[in-house]
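Structure, as structure tokens:
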Amino acid sequence: MQETRAAILSAIAAGPVSGPSLAERLDVSRTAIWKHIESLRDTGFEIESSDQGYELTSVPEFGADAIEFGLEAPFEIECHDAIESTNARARTLAADGAADRVVIADRQTGGRGRLDREWQSPSGGVWLSIISRPAVPPSRTPLYTLAGAVATAQAAREAGVAADIKWPNDVLVDERKLAGILTEMEGEADRVSWLVVGIGVNANVDPAALPAGVAATSLRSERGEDVNRRRFIQRLLERFHELRADPDSILSAWRKLSITLGQTVRVETPTDTVEGVAVDVVDAGALVLDTGDDEVVVTAGDCEHLRAADG
Ligand code: BT5
């Protein structure tokens with residue numbers, strides 16, 4: 001967010017401040033202050049004006065300025081009402097050198113899952129893509145998918161929804177899919193150039209708008225009321241930032257939220273199908289399966305939970 005705008009918002013959030021005193025404090029003209037106030041109002045901020053000055057009374061639940069305001073993580077937000085895919089937009093920005101940027105949309109017209117599957121993204125969702133440039137080799141990138149899942153599940157729990165994680169990238173509520181993650185990257189053999197972690201959360205979406213024949217759910221249907229997307233997105237981004245700053249903490253946080261560990265699962269890898277008890281997650285997020293004869297480590301694939309191992 002533009003610096004003056006951010007400074008105006010924090011000043012008027014703390015109580016009424018007059019236009020002239022804002023202008024003096026921020027060393028800009030009164031007209032500039034007035035223009036910022038008007039444009040903030042246009043984007044949904046409610047700002048009362050009285051004899052004492054301007055006062056912020058309400059922040060919209062969606063939009064770039066709203067999400068950046070009060071966000072305790074160093075991300076610049078780009079927000080769209082509708083876009084084809086936030087991941088596609090983030091890839092373009094990343095290729096142009098962007099870092100710590102988050103692209104968010106209310107609706108996607110061509111959202112994508114893994115293996116180019118379709119991802120339904122109706123209005124009211126949280127469809128976002130985070131651009132990072134971690135100093136790690138490409139083999140470490142699956143960790144950031146796990147971090148995205150942890151951040152999403154924790155933000156959902158803070159919103160009162162008992163979400164957990166299915167390996168590798170699904171956030172579920174009672175085995176119904178609440179969110180999915182698609183990580184894309186560009187790099188050389190020893191170094192990631194950029195990483196885009198795309199997270200799609202069915203937030204304020206009706207189940208009827210989600211794909212038929214798929215066990216899916218939304219924050220709205222689990223809570224029985226809408227979630228404040230601004231707060232949800234802020235918590236998700238703050239948590240993601242903490243995890244990426246301390247990659248060694250990711251696996252243990254993931255283990256605590258996972259429902260895959262301890263279950264008998266079937267994993268379709270790109271080359272094979274493996275069935276066994278999921279006993280651990282290791283390295284950069286590989287799943288260890290005990291097949292009865294052997295321990296097999298799978299790094300990628302679609303996972304199906306068959307039953308609890310002791311069930
Ligand atoms: C995923 O793929 O779960 C990754 C989804 C990532 C979406 C985000 S949204 C922001 C960013 N921009 C993008 O364009 N993408 C990312 P996968 O594990 O392959 O699951 C895809 C499957 O989930 C589909 O084949 C459907 O069966 C199902 N599905 C589609 N839309 C869904 C939805 N909204 N909720 C639940 N399930 C869905």
Worksheet item: If you take the residues of the stretch 88-118 that are part of a strand (DSSP E or B), within 8 Å of the ligand (Cβ to nearest atom) and open to solvent by less than 60 Å² (accessible area, probe 1.4 Å), which of them is nearest to S129 (Cα to Cα)?
Response: A105
Worksheet item: What are the pairs, 6+ residues apart or on separate chains, where a residue within the stretch 77-93 that is within 15 Å of S121 (Cα to Cα) and among the hydroxyl-bearing types (S, T, Y) has its Cβ under 9 Å from a residue that is within 9 Å of the ligand (Cβ to nearest atom) and open to solvent by 50 Å² or more (accessible area, probe 1.4 Å)?
Response: S85/R112; S85/W119
Worksheet entry | Index of the failed condition, W194 passing every other in (1) in contact with a strand residue (DSSP E or B) (Cβ under 7 Å, 6 or more places away or on another chain); (2) part of a loop (DSSP other than H, G, I, E, B); (3) open to solvent by less than 30 Å² (accessible area, probe 1.4 Å) | (2)
Discussion item. Need pairs with beta-carbon distance below 9 Å; first residue in a loop (DSSP other than H, G, I, E, B) and within the stretch 7-31, second open to solvent by less than 20 Å² (accessible area, probe 1.4 Å) and aliphatic (A, V, I, L, M); sequence gap 6+ or separate chains.
Written reply: V28/L22; S29/A23
Worksheet item: What residue, of S121, S132, is near the ligand (Cβ under 8 Å from one of its atoms), farther than 27 Å from H36 by Cβ, touching a residue at least 12 places away in the same chain (Cβ under 8 Å) and surrounded by 17 or more Cβ atoms within 10 Å (Cβ to Cβ)?
Response: S121
Response to the item:
Across the stretch 54-73, the tally of residues that are under 15 Å from the mean Cα position of the chain (by Cα) and not in a loop (DSSP other than H, G, I, E, B) stands at 3
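The values are calculated or read from the model by the stated rules, or taken from the named source; none is laboratory data. What you see is a predicted model, and the numbers here were worked out from it, not measured in a lab. Quick reminder, even Gly has a Cβ in these numbers, built from the backbone with ideal geometry, and neighbours come from all protein chains shown. Note: areas computed on protein heavy atoms with side chains; ligands, DNA, RNA excluded. Shrake-Rupley method; radii C 1.70, N 1.55, O 1.52, S 1.80 Å.
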